[in-house]
Structure formats: C-alpha cells, structure tokens
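K.L.:
Sharing a structure below in structure tokens format, with a few things to ask.
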C-alpha cells in the first residue's frame, strides 16, 4: 500500500455490492425497476447503512435517499442510483452508491479529514418514469405537474400511485442547498470497452456528451412494385439507404475523436412487399462533448440532404428533435482522480468523455462535478451479463476514496 | 373505318364504364371493395346487361358472374373484375369486363361469326379477402376451408358473413369445364407508363411475371448508442443500408430488360433511438418473366450476402419466401391482338410482359390465355386519379373485339 492513510476496505465494498445484488437478483444481474419491491428494499438497505458512516438517513418525496453529515467543514456530495434497467446489471448505479458509502465510512470518522462526504442515491436515473427524475428534482427542474403526468413506461402505473405505495405520498422533496457542497463526485461502470481494450483501470471523465437527435424524412412516390420501371421510380427507402451509407462515408472526416452517431429506427411508408415506398423516415442521433463538432456535423448533414434533394429523385428533409448541451466535468476534480490513480492504480487512467448520460450531468449545472469510471468487461451494458472484475472494483473504490479526500483537502 | 365488319361501339363502351363509375364513386375514381354494396350493385348491373349480348346471367357461390352462351361453335371466355382497391381507380377491372360485354354484344349476334364470346367477372381479384379468389376457385384451387378462413383485410369481416350478406351462402361454385373454351382473353389498363412514354396504344402481353420474394436478415450486436465506439460496432441497420445500395449498384448488370426489384419493408431491432440495432430485416421482391434471369439474380443476391458476411461485421442471411412461376400468354392470341392493332390502332402496339398479377395468370394454367393493355395516364395505378384517355379506351375496345373475332375464326 503506497499510502499510509486509511483507504477503502475492498472486502466490505464487494460484500455491500453483493448484498445489493441479492435484492431483486436476476441470473447474475438484477431486475430492480424504479419503485419495485427490490428497489424499495435497496433504498431501505442503504438507509440502514448510512449511520455507520456517521450520516443521518432521509428519503424525500421523489424517492431520493440522502446521508447527511452534521460535521463541520466542507462537504462533498457523492452517489449514484440503486434502481436498474429491466433485467440488467448489478453494478450500474449501486457501484457509485457503495463507493460513496464506503468513502463516507472511511473519511467522515478520520480525524485527519476536515469536512465530510455526504451520500445520495438519486431516484429513477434509469428513466422508468421519466428522465433523471431524482437528480432533476434536486436541482429544481421537476414540477408537481411533471410528477402528476409521469407513468411507468413498462406497465403504465402512475408515479403518484408508485410514490403512495412507497409511503412517500405528500412528502417534501429535498432541493439543492446552495453553498452546502464543494461539489459532486460519482463513480460508474464505463459501459463501453475503452478502458478494457487499453488495459486501464480508471476513466477520468472530462465531460458527459450531449445528444443531438434528428428525424430525417425522404419523400418519394408510392407506386406499384410490379408495373413501375426501375428508371421511373422515386423509391424513398432506397434514398434512405443511400443516405445512411453516405453518412458512414462522410462523417469520419468531419467528426471528433470520440463522436458517435446512430440510426436507431427506420420506417418505410406504406411498408408493404409489393409497393414502392413513397416515404421513409430515420431517427438519427449524434453524441459529442464538443458543440463545435456537432455544429459541423449538423451542417454536413444538411448539406448532404440538400445535395440528395437536388440530385433526386427524392427530397430529403432534416428536422432537429433534440439539442443536448454537454456537461463539462470540473478540472480540479479530474486532477484529483488522476492523482489518486497514480497512487492506487499505477497511473493506468485515461481522460475520456462519457457517451452515456448520468446524474452528474444534472448536478454539474449547480455545482462542480466529476466522474470516475471503472472498466466494463466486454463493454457490456444494460444486460444482466454486465460485469467488472473484482480487482477493478476494489481499485476503483481506493481511487474514489483518495480522490474525495483530495477534493475535501483542496 | 378500315374494316367493314361490325366493331365496338365506342360511345356505348364509355357509357357503360361511366355507369359503373357512378356506382361507389369516390372523387374521379371509385371505392368498391369486394362484397361492398357498390360491388354488389356493379355485379347486378352486369347481370342485367348480359342478356343484351345473348348471354344467360349467373352468379356463383364465390361471387363470380358469368354470361353463358347457348350458341353452337367455339367459345372464347373474356372478362376481368368489378371490385376495386380501396379508394382507387375506375378502370382497373371494369375496363376488361365492359370490353368483354361489348365484344359479346358485337360478335354473338353477328351471323358471320361462328361461336360466341362468354363473359366473366372474377370476384376479388384485388385481394380484399385473399388472392385471386374468384379465378382460383374457377380453376379448382380454392377449398371450402380457404373460404372459412378468409377475412376482409380492411375490417376483419369473415368471407362467410360477406357471402351470406350477398345472398350467396350455400350456393355452388362454378368450375372450369374442360374443352368448353378455346381460351381466355382479358383487357386491362397497363398500370405503368411504358405505353404512354412510347406514344403507343396497345400492349400485347407476352407473359405475366412471376414474383420471387425474399427475407434478408442482418445479425449484428445490440449495444449502447452512447458508449460504444464507432470502430467497435456491429450495426445491423447500417449493414442493411449498405446491402440495399449494393443491390442498386450490382443488379442492373445482371438483370433482364424489364426486371424490377423492390425493398418494401425494413425493420430494425429493437428500433430505439439510443440503441445500436442488433438485428435488421428487409422484405425484398424480384419480378421477371424469365426464370433464368431470376436464377441469376438470386445467385447474385446469395453471393453478395456471403461476401457481406465474410467482410463483416454483420452476418447476412437470405431466405426465399415465395417462388412465382411466370404465366406465358398464348402466342396465337398475341398474334391476333397484334393483327387487330394494325387495323384499329395503326400498329402502335408493343409486346411486353405484365409486371402486375391478373386473373389471366390463373386461367393460363387451364387454357390458352392472352391479355391486352391500354395506356395508363402517368402510369398511375391503385389511386383514384388513375385514368386513360377516352380515345385510347375506344381504340382498345375496337382492337379487343377484332382480336376476339380472329381467335374465334382461327
């Protein structure tokens, strides 16, 4: 151990994570949708653990659990979420909560540490009822009307009914207390294979990418698939296929080093085997942490659409559905994680953006925020086979504790 | 008039077609689904007209109307259908029935003609309840169980209920009487723009093309659209788009002069904006009247699939769903139409395959069959704006009558 100060207890971290996995276990993962019985039990498990870290436990009116400290000095907020996607992995969420809990256990009673780590488990990061409802509520972006309207996307249960079943109906929601925290730190599995393929232990998140989403429509001419000569056709489906291939050919020269783009849905109209499609539509998404890159790609997309419309035979129309500003992670927090990685992970760390969304992007709008990634085996995510090597989990916990200590000290 | 023998009465033909258009009129077209009230009235209209042509009128248990002659000598069967696609054109079907009726009126009472023309209106050529149910019933390919199972594809009404509403429940179906007819002749609008673009009046159908249908599946890897690097992706949707473009590039060198191919439906799995599609599927159709061309194209398709699978990153699997043998039209009937065109259409005729299916392809399996096309304005089909110039309708009738006369004489 290259540092004489108390660090994470790896065995305790693994025991806690496995205790949470046992609640709502599904194969080697978990099925723990927001406000399900296993989710409720997981929140209760956390509330029972918080006093060990010198924290008072409270759950608010949207299901956020907080561990709050009465200790003097700076306070750092740390956490993640405890619900899962349906039939998904055991670490997506719990890893960050257990790291925060462990850090509070190590640092809050260490007399050499001024200040304390407070713990948060944000509700519904996985979006069963909405989008980052817990962390967005905390930063003041969720109205009562939003909650009135929210329903479980799997079974249609209203959020009001779910909150009542949790015993939370009518309970106040806790909002950010300006000045209380020096910042927010969150650990998470990478959900990609960058760390694993580079044989690295720690991802130092530089930003959480924004998501720009487009609907691209192709206007052709519906006609009989038997009687219309090839030369006379205005096949909207073929125009769409050519556009997808053109994106694949032209985006690499214009994109940034980590830009990703995806056509997730394609629809042909009318979609019958004997009819030449008169219309076609694709949902297209670009993610990057650099708005300049996105602007360049969006311009390219519109240029390509204009070219295709001019060259024919189908008109191409690009409609922007969603603009996502990236969230930048605090530079000092990145340095703290890097410094901790040098000591506990042999410097096997990489600065990288997060392609997925996280609660930290909400917190980043009200306080300095940072994120630490641990490797995902095979890059697998949102599936019950999601996993991280025990050694990597322990290394991540050690780095997380040390990074929090450095942030509180700075 | 270059021929002194009685020919079609153009004004009577146009009056009959317009009378049928008035039944179930929709804008300038008709809405006359199989067994709808307007369809029923159209069949009744025909049954009242048949005696003018010296024909006895009968409707059978599947809704086929026949005009039968007691005259001695050879008998030629002629006809088409009276129902329409939903909200579609006024000539698709009625043109062939009225030509047949007009020909019977002209020839059956002409003492110089030996034999007679008999008229048929085949039920449900448009496939509201099945596929060519009327003509397939006549050639013995529809079982009672098929009728039990048939439902209106628009509203789910059972065919049994529809037949009962028509007063046809329990009525016998009329089957082909071997040796009764020297053959079958059908007139139809082209449904394409070949005749119009060549300033031609008559299409002499050489064959009705077969339809070969394939399901092509692409097997990739479903993954997170934010965290999966472009280089690590196995995007089944992109593989499909590339395959569509490759077909567009490579089929023209291997196809026949009139081959057509169509991708009518595309599905991505799971089809969500933030998920890289792990699977993709396309429905692909090839039509030609030459099985050798089809065999060559199918081999090319399978070669392309193998190449794509080998080059990766997605496996491509081609499954044949349907093999459609083309129906060849009788050579003597083609000569008869051509000869009639020389006299009544100034020879402005073209031998051409039919890309669309017609009842004649069913009749061709049990007797010599032929088809005559008239031009479609703008090639429009299965839409209420479908139309043919009055002059072309009259010319077509004159050619049809003369062609029938020649067939009966030969």
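The values are calculated or read from the model by the stated rules, or taken from the named source; none is laboratory data. From a predicted model like this one, the values you see are computed outputs, not experimental measurements. With ideal geometry, Cβ positions are generated from the backbone for all residues, glycine too; neighbour counts draw on all protein chains shown.
K.L.:
So if I check each of B:336, B:331, which one is modelled with pLDDT of 95 or more, closer than 30 Å to residue B:397 by Cα and touching a helix residue (DSSP H, G or I) at 6+ places or on another chain (Cβ under 7 Å)?
P.N.:
Selected residue: B:336, the only one of B:336, B:331 that is modelled with pLDDT of 95 or more, closer than 30 Å to residue B:397 by Cα and touching a helix residue (DSSP H, G or I) at 6+ places or on another chain (Cβ under 7 Å).
K.L.:
Inside segment B:335-363, can you point out the residues that are more than 23 Å from residue B:256 (Cα to Cα) and surrounded by fewer than 24 Cβ atoms within 10 Å (Cβ to Cβ)?
P.N.:
Correct list: B:335, B:338, B:339, B:342, B:343, B:345, B:346, B:347, B:348.
K.L.:
Moving on to the next point. Does segment A:229-238 hold any residues that are touching a strand residue (DSSP E or B) at 6+ places or on another chain (Cβ under 6 Å) and buried (at least 23 other Cβ atoms within 10 Å of the Cβ), and which are they?
P.N.:
A:235, A:236, A:237, listed by residue number.
K.L.:
Same structure, new question: Please verify whether segment B:137-147 includes one or more residues that are touching a residue at least 24 places away in the same chain (Cβ under 8 Å), farther than 23 Å from residue A:273 by Cα, out of contact with any helix residue (DSSP H, G or I) (no Cβ under 6 Å at 6 or more places or on another chain) and crowded, with 19+ Cβ neighbours inside 10 Å. Spell out the reasoning first.
P.N.:
Quick first cut of segment B:137-147, residues touching a residue at least 24 places away in the same chain (Cβ under 8 Å) only: B:137-142, B:147.
Now narrow it down to the ones that are farther than 23 Å from residue A:273 by Cα: B:137-142, B:147.
So of that shortlist, the ones also out of contact with any helix residue (DSSP H, G or I) (no Cβ under 6 Å at 6 or more places or on another chain) come out as B:137-138, B:140-141.
The next check asks that each one be crowded, with 19+ Cβ neighbours inside 10 Å; those that pass are B:137-138.
Yes, segment B:137-147 has at least one match.
K.L.:
I would also like to ask the following. Just checking, how many residues over segment A:45-89 are at pLDDT 95 or above and part of a strand (DSSP E or B)?
P.N.:
Matching residues across segment A:45-89 total 14.
K.L.:
Hey, does segment B:298-320 have a residue that's crowded, with 17+ Cβ neighbours inside 10 Å, touching a helix residue (DSSP H, G or I) at 6+ places or on another chain (Cβ under 9 Å) and at pLDDT below 95?
P.N.:
No, segment B:298-320 contains no residue that is crowded, with 17+ Cβ neighbours inside 10 Å, touching a helix residue (DSSP H, G or I) at 6+ places or on another chain (Cβ under 9 Å) and at pLDDT below 95.
K.L.:
Related question: What number of residues in segment A:245-273 are facing another protein chain (nearest Cβ under 8 Å), touching a residue at least 40 places away in the same chain (Cβ under 8 Å) and part of a strand (DSSP E or B)?
P.N.:
Matching residues across segment A:245-273 total 1.
K.L.:
Scan segment A:294-312 and tell me whether some residue there is in a strand (DSSP E or B), under 20 Å from residue B:224 (Cβ atoms) and either in contact (Cβ under 8 Å) with a residue 60 or more places away in the chain or in the same structural domain as residue A:356 (by TED's automatic domain parsing) (or both).
P.N.:
No, segment A:294-312 has no match at all.
K.L.:
Would you confirm, using the coordinates I've provided, whether residue B:397 is touching a strand residue (DSSP E or B) at 6+ places or on another chain (Cβ under 6 Å), crowded, with 24+ Cβ neighbours inside 10 Å, assigned by TED's automatic domain parsing to the domain that holds residue B:191 and in a helix (DSSP H, G or I)?
P.N.:
No: the conditions fail for residue B:397.
K.L.:
Another question, then. Here are the criteria: (1) farther than 23 Å from residue A:250 by Cα; (2) in contact (Cβ under 8 Å) with a residue 24 or more places away in the chain; (3) not in a strand (DSSP E or B). Tell me which single one residue B:183 does not satisfy.
P.N.:
Unmet condition: (3).
Table: residues versus (1) touching a strand residue (DSSP E or B) at 6+ places or on another chain (Cβ under 8 Å); (2) surrounded by 24 or more Cβ atoms within 10 Å (Cβ to Cβ); (3) not assigned by TED's automatic domain parsing to the domain that holds residue B:153.
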residue: B:18; (1), (2), (3): no, no, no
residue: B:39; (1), (2), (3): no, yes, no
residue: B:44; (1), (2), (3): no, no, no
residue: B:49; (1), (2), (3): no, no, no
residue: B:73; (1), (2), (3): yes, no, no
residue: B:87; (1), (2), (3): yes, no, no
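K.L.:
Would it be correct to say that residue B:283 is over 17 Å from the mean Cα position of the chain (by Cα), within 12 Å of chain A (Cβ to nearest Cβ) and surrounded by fewer than 24 Cβ atoms within 10 Å (Cβ to Cβ)?
P.N.:
Values: over 17 Å from the mean Cα position of the chain (by Cα): yes; within 12 Å of chain A (Cβ to nearest Cβ): yes; surrounded by fewer than 24 Cβ atoms within 10 Å (Cβ to Cβ): yes.
Taking the combined requirement at face value, the residue satisfies it.
K.L.:
Could you tell me which of the residues A:160, A:173 is touching a residue at least 24 places away in the same chain (Cβ under 8 Å) and assigned by TED's automatic domain parsing to the domain that holds residue A:120?
P.N.:
A:173
K.L.:
Within segment B:164-176, identify whether any single residue is outside any loop (DSSP other than H, G, I, E, B) and surrounded by fewer than 23 Cβ atoms within 10 Å (Cβ to Cβ), and answer yes or no.
P.N.:
Checked against the condition, which is being outside any loop (DSSP other than H, G, I, E, B) and surrounded by fewer than 23 Cβ atoms within 10 Å (Cβ to Cβ), segment B:164-176 yields at least one hit.
K.L.:
How many residues are farther than 15 Å from residue B:183 by Cβ, part of a loop (DSSP other than H, G, I, E, B) and in contact with a helix residue (DSSP H, G or I) (Cβ under 6 Å, 6 or more places away or on another chain) when one looks only at segment B:94-123?
P.N.:
Of the residues in segment B:94-123, 4 are farther than 15 Å from residue B:183 by Cβ, part of a loop (DSSP other than H, G, I, E, B) and in contact with a helix residue (DSSP H, G or I) (Cβ under 6 Å, 6 or more places away or on another chain).
K.L.:
Additional query: Residues of segment A:355-380 being in contact with a helix residue (DSSP H, G or I) (Cβ under 8 Å, 6 or more places away or on another chain) and either part of a strand (DSSP E or B) or within 25 Å of residue A:409 (Cβ to Cβ) (or both), which ones?
P.N.:
First pass over segment A:355-380, keeping only residues in contact with a helix residue (DSSP H, G or I) (Cβ under 8 Å, 6 or more places away or on another chain): A:359, A:362-363, A:368-379.
Once the filter is applied, which keeps residues that are in contact with a helix residue (DSSP H, G or I) (Cβ under 8 Å, 6 or more places away or on another chain) and either part of a strand (DSSP E or B) or within 25 Å of residue A:409 (Cβ to Cβ) (or both), segment A:355-380 yields A:359, A:363, A:368, A:369, A:370, A:371, A:372, A:373, A:374.
K.L.:
Go through segment B:369-393 residue by residue and tally those that are buried (at least 19 other Cβ atoms within 10 Å of the Cβ) and either more than 25 Å from residue B:342 (Cβ to Cβ) or over 16 Å from the mean Cα position of the chain (by Cα) (or both).
P.N.:
So the count comes out to 10.
K.L.:
Here is a follow-up. Taking residue B:351 and the conditions (1) assigned to a loop (DSSP other than H, G, I, E, B); (2) touching a residue at least 12 places away in the same chain (Cβ under 8 Å); (3) not assigned by TED's automatic domain parsing to the domain that holds residue B:233, which numbered condition does it fall short on, given that it satisfies the others?
P.N.:
All conditions are met except number (1).
K.L.:
Consider residue B:281 carefully, then state whether it is in a helix (DSSP H, G or I) and within 28 Å of residue A:279 (Cβ to Cβ).
P.N.:
no
K.L.:
Identify the residue in segment B:196-217 that is more than 10 Å from chain A (Cβ to nearest Cβ) and assigned to a loop (DSSP other than H, G, I, E, B) and, among all such residues, is surrounded by the most Cβ atoms within 10 Å (Cβ to Cβ).
P.N.:
If we take residues in segment B:196-217 being more than 10 Å from chain A (Cβ to nearest Cβ) and assigned to a loop (DSSP other than H, G, I, E, B), then B:201 is surrounded by the most Cβ atoms within 10 Å (Cβ to Cβ).
K.L.:
Considering only segment A:20-37, state which residues are surrounded by fewer than 16 Cβ atoms within 10 Å (Cβ to Cβ) and in a loop (DSSP other than H, G, I, E, B).
P.N.:
A:27, A:28
K.L.:
Right, another one. Among the residues of segment A:218-244 satisfying the criterion of being more than 8 Å from chain B (Cβ to nearest Cβ), within 19 Å of residue B:190 (Cα to Cα) and assigned to a loop (DSSP other than H, G, I, E, B), which is modelled with the highest pLDDT?
P.N.:
Ranking the candidates gives A:233 first.
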